[in-house]
1. Are any residues in the range A:7-26 within 12 Å of chain B (Cβ to nearest Cβ) and assigned to a helix (DSSP H, G or I), and if so, which ones?
2. Kindly check whether there is at least one residue in the range B:16-31 that is out of contact with any Pro (no Cβ under 9 Å at 6 or more places or on another chain), open to solvent by less than 80 Å² (accessible area, probe 1.4 Å) and at the interface with chain A (Cβ under 10 Å from one of its Cβ atoms).
3. Within the range A:7-25, which residues are open to solvent by 20 Å² or more (accessible area, probe 1.4 Å) and touching a Pro at 6+ places or on another chain (Cβ under 8 Å)?
4. Would you confirm, using the coordinates I've provided, whether B:GLU65 is open to solvent by 80 Å² or more (accessible area, probe 1.4 Å), within 14 Å of chain A (Cβ to nearest Cβ) and without any contact (Cβ under 8 Å) to a residue 24 or more places away in the chain?
5. Residue by residue through the range A:200-222, note down the ones that are charged (D, E, K, R) and within 12 Å of another protein chain (Cβ to nearest Cβ).
6. Condition first: of a type in the set (Gly, Ala, Ser), within 15 Å of A:THR117 (Cα to Cα) and out of contact with any Ser or Thr (no Cβ under 7 Å at 6 or more places or on another chain). Now tell me which residues in the range A:167-193 satisfy that.
7. Can you find a residue in the range A:149-158 that is at pLDDT 90 or above and either within 26 Å of A:LEU40 (Cβ to Cβ) or within 14 Å of another protein chain (Cβ to nearest Cβ) (or both)?
8. Check the range A:27-45 and report whether any residue there is within 13 Å of chain B (Cβ to nearest Cβ) and not in a helix (DSSP H, G or I).
Amino acid sequence: MSFDYDKYLRPGKLPHIWCPGCGHGIVMKGLIRAMDTLKLKKEETAIVSGIGCASRLPGYIDCCTLHTAHGRAAAFATGVKMARPEMNVILCGGDGDGTAIGGNHFIHACRRNIDMTYIIMNNYIYGMTGGQFSPCTPTGHKASTTPYGNPDPNFDIAKLAIGAGATFVARGTAFHANQIDKLIVEAIQHKGFSVVEILDDCPTTYGRRNKYKSVIEMMNRLKDVAVPVKAAEKMTAEQLQGKVLTGVLYKEDKPEYIAEYAKVIERAKAAK
Amino acid sequence: MEKKLPKIEIIEKYCKGCHICVEFCPKDVLEMKGFYASVKNLEACISCMQCELRCPDFAIKVITE
């Protein structure tokens, strides 16, 4: 049966601005399916984003949305969640927005363990601003500002999030479209800060500079590098060379920030 | 028993011609006709919904009964 995406889309906004073959549309579809699975009410769901290609996503979805300053999605979203704890707050953005410009906000949102879900679409580059290298551009790969290859080692977003204290970390790819909504559902249900990294493709500014002939080649690369966590347990370190683990990578229960803050308010009231 | 064929609706206004649906169709049902995707061989369609799932542009609907 065909899935009715229209009921979650703002009328008259399509076609979207993303380039032909960009995976952000696939991720947006996954998010809509996840919202439908959880039966999230539009008035009780807030999608917050910064600046960038991926951050244009909230403009198309018909619920409470907030498009904020570059990299500051986590800061604004924390404000939304503190003021209205009953809201389901979902953040979205790209790798440059989340880990470079907003790197500080990102790690501290992870540390605080506030009940939100951050969907990071990692396309290895700053797409909208003209293809500059981001902290996620792999070493040696080319961008508009590194035409002879990027000398920097790249971030592993999932490890960064785990290290900073996020309590749910998952990774998917735009190729594994069926898995995206399942990961997002699990992330939203988790009480605490959840990070879902989706490996994506950017054919326009990343692909053509790094000798990917087509969108299909980029999608097939995502298929080749992804290894599910369970399958990786049986593989040797040599076999895992150059591969990326997908699925739920980390999950733990820790005190959640809103609940802890409510206790602080109680204590302050009792002290008077 | 006669196989019930689905209806594949392609919204040309949304299609950006990225070839994803054509390449990932396991039964070779779709083709590129000029800039847009179009249906070549509907009889082969098994309603696996891969094209609808993967289309980044919300341009394909596979309607089954």
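The values are calculated or read from the model by the stated rules, or taken from the named source; none is laboratory data. Only a predicted model underlies this, so the values are computations on that prediction, with no experimental measurement involved. Please note: Cβ atoms are built from the backbone with ideal geometry, for glycine as well, and neighbour counts cover all protein chains shown. Side chains are part of the model used for accessible areas, which takes the heavy atoms of the whole protein and leaves out ligands, DNA and RNA. Shrake-Rupley method; radii C 1.70, N 1.55, O 1.52, S 1.80 Å.
1. Selection gives A:TYR8, A:HIS24, A:GLY25, A:ILE26.
2. yes
3. A:CYS19, A:PRO20 - these are the residues of the range A:7-25 that are open to solvent by 20 Å² or more (accessible area, probe 1.4 Å) and touching a Pro at 6+ places or on another chain (Cβ under 8 Å).
4. No, not satisfied.
5. Result: A:ASP200, A:ASP201, A:LYS213, A:GLU217.
6. So in the range A:167-193, the residues of a type in the set (Gly, Ala, Ser) come out as A:170, A:172, A:174, A:177, A:187, A:192.
Imposing the further condition that a residue be within 15 Å of A:THR117 (Cα to Cα) reduces the set to A:170, A:172, A:187, A:192.
Once the filter is applied, which keeps residues that are of a type in the set (Gly, Ala, Ser), within 15 Å of A:THR117 (Cα to Cα) and out of contact with any Ser or Thr (no Cβ under 7 Å at 6 or more places or on another chain), the range A:167-193 yields only A:ALA170.
7. Taking every residue of the range A:149-158 in turn, at least one turns out to be at pLDDT 90 or above and either within 26 Å of A:LEU40 (Cβ to Cβ) or within 14 Å of another protein chain (Cβ to nearest Cβ) (or both).
8. Checked against the condition, which is being within 13 Å of chain B (Cβ to nearest Cβ) and not in a helix (DSSP H, G or I), the range A:27-45 yields no hits at all.
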